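First the structure, in the form of structure tokens, and then the observations on it.
The values are calculated or read from the model by the stated rules, or taken from the named source; none is laboratory data. Every value quoted in this text rests on a predicted model; they were computed, and no experiment measured them. No Cβ is skipped: glycine too gets one built from the backbone with ideal geometry, and neighbour counts run over all protein chains shown.
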Amino acid sequence: MRRSDLIPLAAALFCAVAAAADVEAAPARVVSLNVCTDQLAWLIGAPGQLVSVSPLAHDPRSAALAAEMADVPRNDASAEQVALMQPDLVLAGSYTARATVQMLIGLGYRVETFQPTRSLSDIRENITRMGVLLGRPARAAALVADFDARLATLSDAPETRPVVAYYLPFNETASGEGLTGDILHAAGMTTIAEALDLAPGETLPLERLVLAQPDMILVGAPYDSPAQATALLQHPALRATGKLHEIGPSAGWICGLPSTLDTVAEMRALRRSAQ
Amino acid sequence: MRPLPLAAALCALVLALLAASLSLGYAPIPLRALLGAGDPLHVMVMQQIRLPRAALAALVGAALGLSGAAMQGYLRNPLAEPGLIGVSGSAALGAVIALQTGLAAAFSLALPLMALVFAGGAVGLILLLAGPRGGSLTLILAGIAVSALAGALVSLALNLSSNPYATFEIVFWMMGSVADRSLEHLALAAPLIALGAALLLTTGRGLDALTLGEDAAQALGVSLGRLRLTLLLGTAAAVGAATAVAGAVGFVGLVVPHLLRPLCKARPARLLWASGLGGAAMVLAADLAVRLVLPDRDLKLGVVMAILGAPLFLHLIYRTRRGV
């Protein structure tokens, strides 16, 4: 055997070993306790890798991928149930099921937590991190590349940014901070919270909203069963402004996912049709 | 105080508070916007947001004050009050059931009517248990039982809802609020409150006669059965409709008749209309206080009313206990 023949052989051997190590590092059974990690893991993981999703994963109001994840069994985010699933990796949000997460860590399970997505750029980072955790960096890199390409086509800076009040139950309104604010900014809008200089967490009473005369008032679709917090969004005074727009499902605003750009596209189209 | 000056003073107070309630907001809007004059935006805010709030506060207060005075007159017990004896709580349960079963969405009048039926059931139960003389102990104990059961069932119904926001409404049904109510709510409640108030006002002569005792009242030609039925229907309609749109506001029916009784020379008939007007003024004032103290926090009316009413309630119980 010539020495030059050894090089490809060694390379092949190295690749095989590396691949074996990679397979070993990739967790075979992943359990997710949070609706956002559910969807990221489902998107990035290999088929069958995600063995259980959180209780909200099958609710189309909370999860944009609810229909796709319908076959994945649901857990109730209790430590006992999760332990019985013998997971290699548990994914959780940094604020979800704290007691369960503490107990699972105490029992020696590998738990990775994700902070809530606060911006569109957080989405890229979360995709990359999830790719590493699940042993699927190539899949993650492809998703990030698609994300960047699509965001570039969607982002434009209009001459005037309309003032938008995304009105939420309990007289709350979307601020310029966080993922919601970032989505609205990317779509070429500015929020009423910025226009009125509202403090973080400050509510916006109905009368103040109407008197501020925003260019658009956005409300989510009504629930099937009534509650006053949501009935507020159907108040006749909002309709009387003539600026009311009912927007798509709330799921598009909750988690930072590649599909968050669908929400950006929807808002951009809405702004263009209104301007 | 003579009836005419008393009525004039109370009417002036209610009108002043109504004007104050309509004027308070996030922009100075002249009252003529109410009639549709001026900036269309101001007209809309005045007619669609401020008017329902002020009018409902006045109507709810009138319904509760009047019902309280009528029940106290009939049972001859100053502790009889719709909130304390569970009538408001039961009305809230009826309203929540109408909303959560979808009945109110299919037929909007179902909301106040269900509240009326449940309030009527509670009044009937209390009258049955307390008997014609209205013993304090029975009244309060029955009230505790009915209120607790109604409150628990309201919580249960709201917890079963598929809307995650429904649970937060428990506070509204137990404490009451007129914030962000619309003209639709006003249109639903106003006719039934007016009907209930009209029925209750007819009981004046009977209640006056009843102060002499049941035998004397019957000798004067008062039919106690009919009086009881009018009281039941009137209270159920007034409290039911008020609670269906504004939640259970407590203590109005207790505080207002107590404050006005000395001015009415303890004449139940006079106390009826005086308490109606006084109740309207009281709830309008409470709603103003709610908005002035914490404008952005949606404080409930029941909070203010309980702070005023609970000490008075304790005082009344203390006096009743000494009297026993």
If you check every pair at least six apart or on different chains, which have Cβ atoms under 6 Å apart with a residue in region A:195-207 that is within 10 Å of chain B (Cβ to nearest Cβ) first and a residue that is acidic (Asp, Glu) second? A:THR203/A:GLU172; A:THR203/B:ASP296; A:LEU206/B:ASP180
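Listed here are the residues, each with its yes/no results for (1) within 30 Å of B:PRO164 (Cα to Cα); (2) more than 12 Å from chain B (Cβ to nearest Cβ); (3) of a type outside the set (Asp, Glu); (4) buried (at least 21 other Cβ atoms within 10 Å of the Cβ).
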{"position": "A:ASP146", "(1), (2), (3), (4)": "no, yes, no, no"}
{"position": "A:ALA165", "(1), (2), (3), (4)": "yes, yes, yes, yes"}
{"position": "A:PRO169", "(1), (2), (3), (4)": "yes, no, yes, no"}
{"position": "A:ILE192", "(1), (2), (3), (4)": "yes, yes, yes, yes"}
{"position": "A:LEU211", "(1), (2), (3), (4)": "yes, no, yes, no"}
{"position": "A:ALA229", "(1), (2), (3), (4)": "yes, no, yes, yes"}
Please go through (1) over 27 Å from B:LEU111 (Cα atoms); (2) within 14 Å of chain A (Cβ to nearest Cβ) for B:ASP287 and return the number of the only condition it doesn't satisfy. (1)
Selection count, region B:64-90, where residues are out of contact with any Pro (no Cβ under 8 Å at 6 or more places or on another chain), closer than 28 Å to B:ALA157 by Cα and of a type in the set (A, V, I, L, M): 4
Any chance you could count how many residues in region B:1-25 are over 14 Å from B:ALA285 (Cβ atoms), touching a residue at least 40 places away in the same chain (Cβ under 8 Å) and among the small types (Gly, Ala, Ser)? 1
Please go through region B:102-121 and give me each residue that is in contact with a helix residue (DSSP H, G or I) (Cβ under 9 Å, 6 or more places away or on another chain) and farther than 13 Å from B:LEU232 by Cα, ordered by number. B:LEU103, B:ALA104, B:ALA105, B:PHE107, B:SER108, B:LEU109, B:ALA110, B:LEU111, B:PRO112, B:LEU113, B:MET114, B:ALA115
Only one of B:GLY94, B:GLY86, B:GLY65 is in contact with a Gly (Cβ under 6 Å, 6 or more places away or on another chain) and modelled with pLDDT of 95 or more. Can you tell me which? B:GLY65
Name every residue in region B:153-177 that is at the interface with chain A (Cβ under 7 Å from one of its Cβ atoms) and within 20 Å of B:LYS300 (Cα to Cα), in order of residue number. B:TYR165, B:ALA166, B:PHE168, B:GLU169, B:PHE172
Residues within region B:220-241 that are of a type in the set (Gly, Ala, Ser) and buried (at least 24 other Cβ atoms within 10 Å of the Cβ), tallied: 6
By residue number, the members of region A:63-84 that are among the aliphatic types (A, V, I, L, M) and either in contact with a His (Cβ under 8 Å, 6 or more places away or on another chain) or not assigned by TED's automatic domain parsing to the domain that holds A:LEU33 (or both) are A:ALA66, A:MET69, A:ALA70
Scan region B:284-299 residue by residue and report those that are among the charged types (D, E, K, R) and surrounded by fewer than 17 Cβ atoms within 10 Å (Cβ to Cβ). B:ASP296, B:ARG297
Which residue out of B:ARG32, B:ARG76 is farther than 29 Å from B:ARG267 by Cα, out of contact with any Asp or Glu (no Cβ under 9 Å at 6 or more places or on another chain) and among the charged types (D, E, K, R)? B:ARG32
Would you kindly identify the helices (runs of 4 or more DSSP H) lying entirely within region B:1-115 that contain at least 1 residues that are surrounded by 24 or more Cβ atoms within 10 Å (Cβ to Cβ) and within 14 Å of chain A (Cβ to nearest Cβ)? B:51-75, B:87-100
Can you tell me which residue is surrounded by the fewest Cβ atoms within 10 Å (Cβ to Cβ) among those in region B:242-262 that are under 16 Å from B:LEU192 (Cα atoms) and under 9 Å from the mean Cα position of the chain (by Cα)? B:THR243
Kindly indicate the residue of region A:208-222 that is in contact (Cβ under 8 Å) with a residue 40 or more places away in the chain and under 24 Å from B:GLN100 (Cα atoms) and also nearest to the chain's Cα centre (by Cα) among those meeting that condition. A:GLY220
A:LEU218 passes all but one of the listed conditions (1) over 15 Å from B:ASP180 (Cα atoms); (2) of a type in the set (A, V, I, L, M, F, W, C); (3) within 14 Å of chain B (Cβ to nearest Cβ); (4) out of contact with any Lys or Arg (no Cβ under 8 Å at 6 or more places or on another chain); the exception is number (3)
Could you count how many residues in region A:103-145 are basic (Lys, Arg) and outside any helix (DSSP H, G or I)? 3
